[in-house]
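Remarks on the structure that follows.
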Amino acid sequence: MRLILLGPPGAGKGTQSARLEQKYGIPQLSTGDMLRAAVKAGTPIGQKAKAVMESGGLVSDEIVIGIIADRIDEADCAKGFILDGFPRTVAQAEALTKLLKQKGRDLDAVIELLVDDGILLSRIENRARETVAAGGTVRADDNPEAFKKRLAQYHEQTAPVSGYYKSIGELRTVDGMAPIDEVTKQLDAVLAK
Ligand code: AMP
């Protein structure tokens, strides 16, 4: 099963992807996680991405499309994958369509988690507090200033991605403001169709 989870930062894409990964035995491909790993490892891509990520901006389409093109060719993606955080621009979505077509593959579902802006900032503040309480390191972009930029970026560049999938009849939506288990149930229901 090949699917995409769309939604603003803090919508719960990571949490739900991890559950879907368990249930369907397919990997969660988070471009954010891959880029953070590249920054940590100090690779050439990581060095290019570091500052823009910390400020809440978007890494170039070229870089993330290249990362995904390589990643979906790996053996663990043979049965499918869950894309989390990609595509984030219409150019990325178009590139993905082309890439899958070249490989003779199709998407099974594109699902958007709908969450109001007002709820997102408090979720990110909670995520930072919980990470600190668990002894972890807070993401460099989980602060109110960078978060506001990420949200603005989302409305400008990523919200049109939903429009793209809607226009080709592939978009499904789920209430991302419901409790976590309820969102999982709604996702299962959409995927069972
Ligand atoms: P995330 O973990 O999905 O919130 O991503 C964290 C950061 O990584 C984003 O704010 C961007 O700077 C960068 N990033 C992740 N995915 C993409 C993407 N598909 N396109 C551009 N930048 C991305």
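The values are calculated or read from the model by the stated rules, or taken from the named source; none is laboratory data. All figures in this text were calculated on a predicted structure; none of them were measured in a lab. Here the Cβ is made from the backbone with ideal geometry for all residues, glycine too, and neighbour counts use every protein chain on show. Remember, those area values only see protein heavy atoms, side chains included, never the ligands or the DNA or RNA. Shrake-Rupley method; radii C 1.70, N 1.55, O 1.52, S 1.80 Å.
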Next item on the list: Hey, can you grab everything whose amide H is under 5 Å from the amide H of residue 6? Only 5+ residues off in sequence or another chain; H modelled, so Pro and N-termini drop out.
Entry: 111, 112, 113
Next item on the list: For 67, 168, 82, write out the residues from largest to smallest accessible area, computed with a 1.4 angstrom probe and no ligands counted.
Entry: 168, 67, 82
Item checked: J(HN,Hα) series, region 170-179, from Karplus relation 6.51 cos²θ - 1.76 cosθ + 1.60, nearest Hz, glycine and proline x -> 10, 7, 10, 10, 9, 6, x, 9, 5, x
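What order do 166, 148 take when sorted by accessible area (1.4 Å probe), most exposed first? Numbers along the way, then the final one.
On the way: 166 145, 148 125 Å².
Heavy-atom accessible area, descending, gives 166, 148.
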Item checked: Where Cα atoms sit under 17 Å apart: lysine pairs in the chain separated by 8 or more or lying on different chains -> 11
Note to self: Out of the trypsin sites (Lys or Arg not before Pro) in region 105-136, which ones are loop residues according to DSSP with at most 16 other C-beta atoms within 10 Å?
What the structure shows: 105
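Please report the carbon-and-sulfur percent of the accessible area for the chain; probe 1.4 Å, protein heavy atoms only, DNA, RNA and ligands left out. Let's see the in-between values first.
Details: 5240 of 9950 Å².
It is 53 percent, rounded to a whole number.
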Check: Under a GNM of the chain (C-alpha, springs under 10 Å), which listed residue has the highest mean-square fluctuation: 64, 39, 138?
Finding: 138
Margin query: Can you give me the distance in nm between label points at residue 129 and residue 33, each placed 7 Å from the Cα along the Cα-to-Cβ direction?
Written below: 2.6
Notebook entry, point to check: Rounded to the nearest 10 Å², what accessible area does residue 177 show when all protein chains are kept and the probe is 1.4 Å?
Noted result: 80
Checklist line | Note, ³J(HN,Hα) from phi for region 77-94, Karplus 6.51, -1.76, 1.60, rounded to Hz, x at Gly and Pro | finding: 9, 4, 8, x, 6, 10, 8, 10, x, 8, x, 10, 9, 4, 4, 5, 5, 5
Check: Which GluC sites (Glu not before Pro) from region 75-138 combine a DSSP loop assignment with at most 15 other Cβ atoms within 10 Å?
Finding: none
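Suppose the chain between residue 121 and residue 43 were pulled fully straight at 0.36 nm per residue; how much longer would it get relative to their current alpha carbon spacing? Don't skip to the end; give the middle numbers.
Working: separation 78, 0.36 × 78 = 28.08 nm, distance 3.09 nm.
Once the chain is fully extended between residue 121 and residue 43, it gains 25.0 nm.
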Notebook entry, point to check: Can you tell which of 68, 85, 162 lies farthest toward the positive end of the dipole of the chain, using +1 and -1 charges on the Cβ of basic and acidic side chains (Lys, Arg; Asp, Glu)?
Noted result: 68
Note to self: I'd like to check one number: the per residue accessible area of the chain, probe 1.4 Å, reported in Å² as a whole number.
What the structure shows: 52
Note to self: From the protein chains alone at 1.4 Å, what is the descending order of accessible area for 108, 61, 141, largest first?
What the structure shows: 108, 61, 141
Item checked: 31 Å tail of the calculated P(r), the chain, as % of Cα pairs -> 12
Checklist line | Karplus-derived 3J(HN,Hα), 6.51/-1.76/1.60, for each residue of region 144-161, Hz, glycine and proline x | finding: x, 5, 5, 5, 4, 5, 4, 5, 4, 4, 4, 5, 6, 9, 9, 4, x, 5
